[in-house]
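The values are calculated or read from the model by the stated rules, or taken from the named source; none is laboratory data. Bear in mind that the values here come from a model prediction, so they are computed numbers and not experimental data. No Cβ is skipped: glycine too gets one built from the backbone with ideal geometry, and neighbour counts run over all protein chains shown.
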Amino acid sequence: MKRIFALALGATLVLSAAAQSRPTPVKPESYTFTVVKENPITSVKNQNRSGTCWCFSMLSFLESEAIKAKGIKDESLYPDYSEMFVVRKAYYDRAVKYVRLDGKLNFAAGSDFGDVLEVAKTYGLIDQKAYSGLQYGYDLPVQSELDAVLKGYVDAVVKNPNRKLTKVWPQGLEGILDAYMGKIPETFEVGGITYTPETYRDAQGLNLDDYIGFTSYTHHPFYTQFAMEVADNWRWTPSWNVPLDEFMAIMDYAVKEGYTVAWGGDVSEAGFTRNGLGILIDTAASTSGSDQERWVGKADEKPAAEATVKEIKVTQELRQEMYDEKTSTDDHGMHLYGIAKDQNGTKYYMIKNSWGETGAYKGIWYMSEEFAKGKTLNIVVNKKAVPKEILKKIGIK
């Protein structure tokens, strides 16, 4: 059944495709969104004061994959995977690699979708009720202290003051993680069945080898793989490089065929607002604070794109230019699950965010097609959600 959402918005901002000045208010209008196709998602979560969007978005994607694979109809039976289990294991793996590379690796809270897949393959998955990872006294993630403590610890190890690393420094790392996040249970119960992380993962109906990353840039040959050159891609996870029209076709085909998409990209644009809109206008804004405030400003700041706008038209060349000039940066991960149109017939993607039930649509964003063309850095999809002709071009059956 189609659902219609309306949002009364402020002054209209008009911007020509080539203009680079601030948008100019015109007259008030409203957005009305009509759903074309949407696929099942789990409830909206809140990453709060943590740089863990990569985990929240990718696990949300995997939850939708499990819902589809197992044919779950009852929302009360939807899976809810523990984000902090994955985050904890990723912290450990990154620390080991950081030390092996003598500190020549980004060690911070951010990461990449491939990190989640690698953790799930190696360690498994855990239900949220079995492991919250919030041992340090908060109801939601607040991880600045933990991040600073871990960075200080691994930097001390990298200095190698004994001129020979001990065998116990990883135990010290585990001690920090235990103190802040709690010990990981060896077994836990879901629906009356006892699982280990590995057996719970195996019960989800997922083939973790079926997931493929895609991007679209011209500084590497099309139909080859490369590791996205962003600091958070510390595992050096490769993505397949395809032309922009095929990149967008993958997202469309996935939604049409009942699949969803893990989306990574730039949300530091003025057109990405607190009120659930992602529209490609030309000014960028970000502030400090929570993850949401970091990219879209504080709650009392007026969003710049609260009106219908004439958007920049994105080409392959412009997309590359924005990446090379670093006006498209690796900011945020979200979960794309549907397609809608506004009252003018303009196409939007429906995106589940991880900032809690905030904004006009309770944690859901409407991202225009032009915004997605210009500001999507990379995506991950099930290979069954990729048009066969594209799979053939990259040599995947």
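Residue 226 fulfils the conditions (1) in contact with a Ser or Thr (Cβ under 8 Å, 6 or more places away or on another chain); (2) without any contact (Cβ under 8 Å) to a residue 60 or more places away in the chain; (3) in a loop (DSSP other than H, G, I, E, B) except for a single criterion, (3). Taking segment 221-244 as the range and being crowded, with 16+ Cβ neighbours inside 10 Å and hydroxyl-bearing (Ser, Thr, Tyr) as the test, the residues that pass are 237, 239.
Yes or no, residue by residue, for (1) of a type in the set (Phe, Trp, Tyr); (2) within 15 Å of residue 390 (Cα to Cα):
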residue: 214; (1), (2): yes, yes
residue: 219; (1), (2): no, no
residue: 224; (1), (2): no, yes
residue: 244; (1), (2): no, yes
residue: 258; (1), (2): no, no
residue: 263; (1), (2): yes, no
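The residue pairs whose first member lies in segment 190-214 and is in contact (Cβ under 8 Å) with a residue 24 or more places away in the chain and on the phi > 0 side of the Ramachandran plot, whose second member is surrounded by 13 or more Cβ atoms within 10 Å (Cβ to Cβ) and of a type in the set (Lys, Arg), and whose beta carbons are closer than 8 Å, counting only pairs six or more residues apart or on different chains, are 205/70. In segment 282-303, which residue that is assigned to a loop (DSSP other than H, G, I, E, B) and either hydroxyl-bearing (Ser, Thr, Tyr) or buried (at least 24 other Cβ atoms within 10 Å of the Cβ) (or both) is modelled with the lowest pLDDT? Restricting to residues being assigned to a loop (DSSP other than H, G, I, E, B) and either hydroxyl-bearing (Ser, Thr, Tyr) or buried (at least 24 other Cβ atoms within 10 Å of the Cβ) (or both), the top hit is 286. If you go through segment 333-361 and keep only what is out of contact with any Gly (no Cβ under 9 Å at 6 or more places or on another chain), of a type outside the set (Phe, Trp, Tyr) and touching a residue at least 12 places away in the same chain (Cβ under 8 Å), you end up with 335, 336, 338, 339, 340, 341, 342, 343, 344, 346, 347. Any residue that is surrounded by 14 or more Cβ atoms within 10 Å (Cβ to Cβ), acidic (Asp, Glu) and at pLDDT 95 or above - is there at least one of those in segment 148-169? For segment 148-169, residues surrounded by 14 or more Cβ atoms within 10 Å (Cβ to Cβ), acidic (Asp, Glu) and at pLDDT 95 or above: absent.
Output yes when any residue across segment 247-257 is modelled with pLDDT under 95 and outside any strand (DSSP E or B), and no when none is.
Taking every residue of segment 247-257 in turn, none turns out to be modelled with pLDDT under 95 and outside any strand (DSSP E or B).
Scanning segment 179-197 for residues that are part of a helix (DSSP H, G or I), surrounded by 14 or more Cβ atoms within 10 Å (Cβ to Cβ) and either out of contact with any Pro (no Cβ under 9 Å at 6 or more places or on another chain) or among the charged types (D, E, K, R) (or both) gives 180, 181. Restricting 329, 358 to those that are surrounded by fewer than 22 Cβ atoms within 10 Å (Cβ to Cβ) and within 20 Å of residue 41 (Cβ to Cβ) reduces the list to 358. Restricting attention to segment 317-326, the residues that are surrounded by fewer than 16 Cβ atoms within 10 Å (Cβ to Cβ) and either under 17 Å from residue 272 (Cβ atoms) or touching a Leu at 6+ places or on another chain (Cβ under 9 Å) (or both) total 1. Tell me whether segment 53-62 contains one or more residues that are touching a residue at least 60 places away in the same chain (Cβ under 8 Å), in a helix (DSSP H, G or I) and more than 18 Å from the chain's Cα centre (by Cα). No - not one qualifying residue is present in segment 53-62. Given the criteria surrounded by 18 or more Cβ atoms within 10 Å (Cβ to Cβ) and either in contact (Cβ under 8 Å) with a residue 24 or more places away in the chain or closer than 15 Å to residue 236 by Cα (or both), does residue 136 qualify? No. Hey, any hits in segment 159-178 for a residue that's more than 23 Å from residue 122 (Cα to Cα) and touching a Leu at 6+ places or on another chain (Cβ under 9 Å)? Within segment 159-178, not a single residue is more than 23 Å from residue 122 (Cα to Cα) and touching a Leu at 6+ places or on another chain (Cβ under 9 Å).
Looking only at segment 72-95, count how many residues are outside any helix (DSSP H, G or I) and among the acidic types (Asp, Glu). Here the count works out to 2. All conditions but one from (1) under 30 Å from residue 251 (Cα atoms); (2) in the same structural domain as residue 158 (by TED's automatic domain parsing); (3) of a type in the set (D, E, K, R) apply to residue 65; the one that does not is (2).
Filter segment 76-120 down to the residues that are under 24 Å from residue 377 (Cα atoms) and among the β-branched types (Val, Ile, Thr), then identify the one that is surrounded by the fewest Cβ atoms within 10 Å (Cβ to Cβ). Across segment 76-120, the extreme among qualifying residues is 119.
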